[in-house]
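Peer 1: Please find one structure pasted underneath; my questions will follow.
The values are calculated or read from the model by the stated rules, or taken from the named source; none is laboratory data. These figures come from a predicted structure and were not determined experimentally. All Cβ positions, glycine included, derive from the backbone under ideal geometry; neighbour counts span all protein chains shown.
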Number of protein chains: 4
Amino acid sequence: MALQSRRVSALSREIKLGDRVLLYQDVRRKWIAKVEPGRFHTHRGYFELAELVGREYGGSIRTSMGQNLAVFKPRALDIVESFDRPTQILYPKDIGYALFQLGIGNGDRVLEVGTGSGALTSALARGVAPDGQVFTYEMRPEFLRAARANVDKAGFGPLVTFHNEDPTEGFEEKEADAVVVDLGDPWRMVAAAWRALIGGGLLAGFTPTINQLEKLAVALREGGFMILEAVELLMREFKTEAGKIRPETRMIGHTAYVTIARKLLPASDV
Amino acid sequence: MALQSRRVSALSREIKLGDRVLLYQDVRRKWIAKVEPGRFHTHRGYFELAELVGREYGGSIRTSMGQNLAVFKPRALDIVESFDRPTQILYPKDIGYALFQLGIGNGDRVLEVGTGSGALTSALARGVAPDGQVFTYEMRPEFLRAARANVDKAGFGPLVTFHNEDPTEGFEEKEADAVVVDLGDPWRMVAAAWRALIGGGLLAGFTPTINQLEKLAVALREGGFMILEAVELLMREFKTEAGKIRPETRMIGHTAYVTIARKLLPASDV
Amino acid sequence: MALQSRRVSALSREIKLGDRVLLYQDVRRKWIAKVEPGRFHTHRGYFELAELVGREYGGSIRTSMGQNLAVFKPRALDIVESFDRPTQILYPKDIGYALFQLGIGNGDRVLEVGTGSGALTSALARGVAPDGQVFTYEMRPEFLRAARANVDKAGFGPLVTFHNEDPTEGFEEKEADAVVVDLGDPWRMVAAAWRALIGGGLLAGFTPTINQLEKLAVALREGGFMILEAVELLMREFKTEAGKIRPETRMIGHTAYVTIARKLLPASDV
Amino acid sequence: MALQSRRVSALSREIKLGDRVLLYQDVRRKWIAKVEPGRFHTHRGYFELAELVGREYGGSIRTSMGQNLAVFKPRALDIVESFDRPTQILYPKDIGYALFQLGIGNGDRVLEVGTGSGALTSALARGVAPDGQVFTYEMRPEFLRAARANVDKAGFGPLVTFHNEDPTEGFEEKEADAVVVDLGDPWRMVAAAWRALIGGGLLAGFTPTINQLEKLAVALREGGFMILEAVELLMREFKTEAGKIRPETRMIGHTAYVTIARKLLPASDV
């Protein structure tokens, strides 16, 4: 079953035929590969993938040109990073923060609008595993197809229900613990999200521009939500060579604003 | 049982006697309260806690002075925020990011050094629920006592094993998926962490100063780890009033650098 | 004369009666004082100001309670920092950047709208000294009065012309090298600024909210300007104790967006 | 004379043969050109430079392929940006801030160590004009040659004295108002800087790594300076298209830490 815990698989720490492995040269050069007959080529030589079978994860392999590659069991996010992502990219800083602030945990029912590449879908699925479920909506069939393949590749297929629908008029599911909106006009989903959530249920919206943030905030307040926070996260990477510690010269300056809100019941309901 | 999923409890959406509720006035004024006989006092009046029984989560209550308070089911992090925290404070931005980058998921075995208030312990426990386990080490008995009470309050007690020990010479557990180090001299734990981790296992270190970051990075490289990244996250909160969108004037300028590394097996082991 | 260069006064490095001195305990406790008969009191004792006469700048004085205070010749900005500032505060990071990007230099004619406390006025005057001139407009007479006193105190009076007028319909001066706008509705000044500037003349606008930035940008493009840049500057202060280097925990998260534009002549004029 | 004020030259607002002009297509495509017989080529066509003669600054010119270029009188910084810069690059955010915090003004005597390309030298010269002087030290003769040509091109030659010397043992000048240090081992210059400065004189150091910042801070404190601040500035550029306001995706994440200190006289001197 795809959803076995990492613990169980760790008990057999050996690489097996059919495993997906993370080959890691450095932060910019890393690849997911499937262990099967054939060669894996890098710009610094190749090796036979089948040579990995029986070795322990965490070791390294040497290519024909003498380049060492570490061989890791991929994290879910390593697989997600290998997705083709035709749409707006959310970064780990944003996803990790939103998951934490939404309080996503085992057993939750989460709705997502804007499946995109399935990257966020996979992160949500991992968060609700093993007993929860993610229901994701994507209007463009070709995106949905690619996302489904990606989510399967990451091993989260059984936790995700895919809808090729526009949920503006209403989600099929009710009693959701959280709704995550990642599309260009998130304000359009506010009414449907409110109806689908439990009282106090959480909503996260990702918006690249300030104008989108503003419109979403207005719609949330008018639509019966309490905004807990609207934030942006800036991440700086550091060079850590001893005696030469410094931030990297270049950084990503902006991805998206993250808004977190909770559904309020009308005063008369109390 | 404390670890039932939020889903299950959501099926009964009513507030019950004995529940812990989040009373929310605004982002700076919010409290966790236990629903039991007695009054809850704010600077804007009081109300009888028992009045909440039978109401639905997500509604609001009015104090004697007419102040509305939203009544939410607390997220784990709301409870964690209510902990007394005598030690260095990690922020959601840091914890959420580290959890995501460690790939913490259901079933993982995670070691923690520096239990502190139990805030990070709780977040880790939530991440490995329901089948994993967190083993946490704290040398100061009074901290450990408080942390245990906090973790119990947050409902994660069954997932956590507490050790009043210094693991420098070795953790009691082996085959760990991840080790999290949050103390002033994290480099001291590198050798023991390496021995306790599975091949490719992950380590996260939190260090407030650059000098600590540098020492940790040196120790990790010399100690058989590959550093995946060393980052800092800056979070800006926004005012979202329509027509007056702007970042808050004041912000937290620094908490800690987050270092993520993976255990490498020696070349000869491959 | 107030505008003698610092060089000249440095030749007589001694503190004289009537000088304004900067008394500096640390970054948060510093004061401008006039050297005249009488005591200067701090929370750590007092001293007689006249004792400073004849000493050299850069030395220190000991209070009755044994606190050392460094005694510096104030920079213009030290005096400016001592202004009462009832209005929006621009920070050195913003002012220094704008002055540099405007290319303000000796001999320039600069228009300012929104005199406020006179802090930016003083910085501009310093920039155009000794041969330039600043013309500043402020609609509120009580602000103008205070600003004039401040600018005089900083020694820049002879370089500044004060107008108690609203220049929306037109500045009195023409052929300006630069216009600086620091008020809540800067877009209102765009047409007048265009007419007052030389071809290619520069404009700087400071706007705290994103909405103001947007409106200003629209007005500038429609009003015959080319926007060179719209930026925000984040400044982090560092603790520099050896072995404990780290950013300060708290920082100013936002002051204002700075927009720099140049006047374009209509195509038909070329 | 090269140091005439911009004001004077603005009186004749026409472009003349021999002028250096700024040709501006957009923020990434801009060039300094000398108005002389011959064609100026861009990737979008060419035009005859002599056609500019007699036109007014601030207008635009159309190339053979129909591309409009704005024609501006260059700011000093536009010329400086056109320098070949083989060495570490300081950005306007850093230079503007340091000039402002040093209180550099007309008449100051400023020492610089590490002439580099002459970019900072030019900014300092502009700051002390017309009555001050900059004395700059560079150990590598080929850098000094290039810097001198650059400074001349920017029109600041008469304000700058160049030394092809290592001032570690002592600057030739005394009674300096400020010392600016921009080289890899700035701590080496602290003793000489102290001796060359007037009491309370200011020092600015630029250091790319934290380790350099730490060593400089230690040397300054031990060498008789009071550190006023050590900061880093982060600059974010914004897209300002109406309805799509957002920070640019990519930004410069780090340039240098800026340290500002003042010379303290020994207690016995007071």
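Peer 1: In the range A:103-122, how many residues are facing chain B (nearest Cβ under 7 Å) and farther than 19 Å from A:Gly200 by Cα?
Peer 2: The total comes to 0.
Peer 1: Based on this model, can you work out whether A:Ala149 counts as free of Cβ contacts under 8 Å to residues at least 60 places away in the same chain, crowded, with 19+ Cβ neighbours inside 10 Å and either in the same structural domain as A:Lys93 (by TED's automatic domain parsing) or touching a Lys or Arg at 6+ places or on another chain (Cβ under 6 Å) (or both)?
Peer 2: no
Peer 1: Applying the selection to the range D:193-242, what residues are under 22 Å from D:Leu124 (Cα atoms) and among the small types (Gly, Ala, Ser)?
Peer 2: D:Ala193, D:Ala196, D:Gly199, D:Gly200, D:Gly201, D:Ala204, D:Gly205, D:Ala230
Peer 1: Working only within the range C:83-125, note down all residues that are of a type outside the set (A, V, I, L, M), assigned to a loop (DSSP other than H, G, I, E, B) and touching a residue at least 60 places away in the same chain (Cβ under 8 Å).
Peer 2: C:Phe83, C:Asp84, C:Pro86, C:Gln88, C:Tyr91, C:Gly103, C:Asp108, C:Gly114, C:Gly116 - these are the residues of the range C:83-125 that are of a type outside the set (A, V, I, L, M), assigned to a loop (DSSP other than H, G, I, E, B) and touching a residue at least 60 places away in the same chain (Cβ under 8 Å).
Peer 1: Only residues in the range B:180-191 that are free of Cβ contacts under 8 Å to residues at least 60 places away in the same chain count as the first member; pair them with residues that are assigned to a helix (DSSP H, G or I) and of a type in the set (Ser, Thr, Tyr), Cβ under 9 angstrom, at least 6 apart or cross-chain, and list the lot.
Peer 2: The qualifying pairs are B:Arg188/B:Thr168; B:Ala191/B:Thr168.
Peer 1: If a residue must be of a type in the set (Ser, Thr, Tyr) and crowded, with 17+ Cβ neighbours inside 10 Å, how many such residues does the range C:43-69 contain?
Peer 2: 3
Peer 1: Kindly indicate which of D:Thr121, D:Thr161, D:Thr168, D:Thr136 is assigned by TED's automatic domain parsing to the domain that holds D:Ala98, surrounded by fewer than 19 Cβ atoms within 10 Å (Cβ to Cβ) and closer than 29 Å to D:Arg20 by Cβ.
Peer 2: Answer to the check: D:Thr161.
Peer 1: Working only within the range A:177-214, note down all residues that are under 17 Å from A:Phe135 (Cβ atoms), surrounded by fewer than 24 Cβ atoms within 10 Å (Cβ to Cβ) and within 11 Å of chain B (Cβ to nearest Cβ).
Peer 2: Residues satisfying the conditions are A:Trp194, A:Ile198.
Peer 1: Here's another thing I want to ask about it. Just to be sure, is B:Gly132 of a type outside the set (D, E, K, R) and within 11 Å of chain A (Cβ to nearest Cβ)?
Peer 2: yes
Peer 1: Also, I was wondering about something else. Looking at B:Phe83, B:Phe100, B:Phe72, B:Phe40, which is the one that is among the aromatic types (Phe, Trp, Tyr), within 21 Å of the chain's Cα centre (by Cα), more than 8 Å from every other protein chain (Cβ to nearest Cβ) and surrounded by 16 or more Cβ atoms within 10 Å (Cβ to Cβ)?
Peer 2: Answer to the selection: B:Phe83.
Peer 1: Being assigned to a loop (DSSP other than H, G, I, E, B), more than 7 Å from every other protein chain (Cβ to nearest Cβ) and within 30 Å of B:Pro247 (Cβ to Cβ) is the filter here, so list the residues in the range D:249-268 that pass it.
Peer 2: D:Thr255, D:Ala256
Peer 1: Can you tell me how many residues within the range A:215-248 are over 29 Å from B:Pro74 (Cβ atoms) and facing another protein chain (nearest Cβ under 7 Å)?
Peer 2: The total comes to 11.
Peer 1: Tally up the residues in the range B:222-251 that are surrounded by fewer than 17 Cβ atoms within 10 Å (Cβ to Cβ), aliphatic (A, V, I, L, M) and in contact (Cβ under 8 Å) with a residue 24 or more places away in the chain, please.
Peer 2: Residues in the range B:222-251 being surrounded by fewer than 17 Cβ atoms within 10 Å (Cβ to Cβ), aliphatic (A, V, I, L, M) and in contact (Cβ under 8 Å) with a residue 24 or more places away in the chain: 0 in total.
Peer 1: Further, regarding this structure: Which members of the range B:228-239 meet the condition of being acidic (Asp, Glu) and either over 14 Å from B:Lys263 (Cα atoms) or at pLDDT below 95 (or both)?
Peer 2: If the condition is that a residue be acidic (Asp, Glu) and either over 14 Å from B:Lys263 (Cα atoms) or at pLDDT below 95 (or both), then B:Glu232, B:Glu237 are the ones that fit.
Peer 1: Give the residue, chosen from C:Ala178, C:Ala192, that is at pLDDT 95 or above and either on the phi > 0 side of the Ramachandran plot or assigned to a helix (DSSP H, G or I) (or both).
Peer 2: C:Ala192 is the lone residue from the list that is at pLDDT 95 or above and either on the phi > 0 side of the Ramachandran plot or assigned to a helix (DSSP H, G or I) (or both).
Peer 1: Identify all residues within the range C:213-234 that are part of a loop (DSSP other than H, G, I, E, B) and at negative phi; write none if there are none.
Peer 2: Passing the criteria: only C:Gly223.
Peer 1: Does the range D:205-227 contain at least one residue that is β-branched (Val, Ile, Thr), out of contact with any Gly (no Cβ under 8 Å at 6 or more places or on another chain) and at pLDDT below 95?
Peer 2: Within the range D:205-227, none of the residues are β-branched (Val, Ile, Thr), out of contact with any Gly (no Cβ under 8 Å at 6 or more places or on another chain) and at pLDDT below 95.
Peer 1: Here is a list of conditions, (1) farther than 21 Å from A:Ser82 by Cα; (2) touching a residue at least 40 places away in the same chain (Cβ under 8 Å), and A:Tyr57 meets all of them except one; can you say which number that is?
Peer 2: (1)
Peer 1: Working carefully through the options B:Gly103, B:Gly155, find the one that is small (Gly, Ala, Ser), modelled with pLDDT under 95 and farther than 27 Å from A:Val258 by Cα.
Peer 2: Exactly one residue qualifies, and that residue is B:Gly155.
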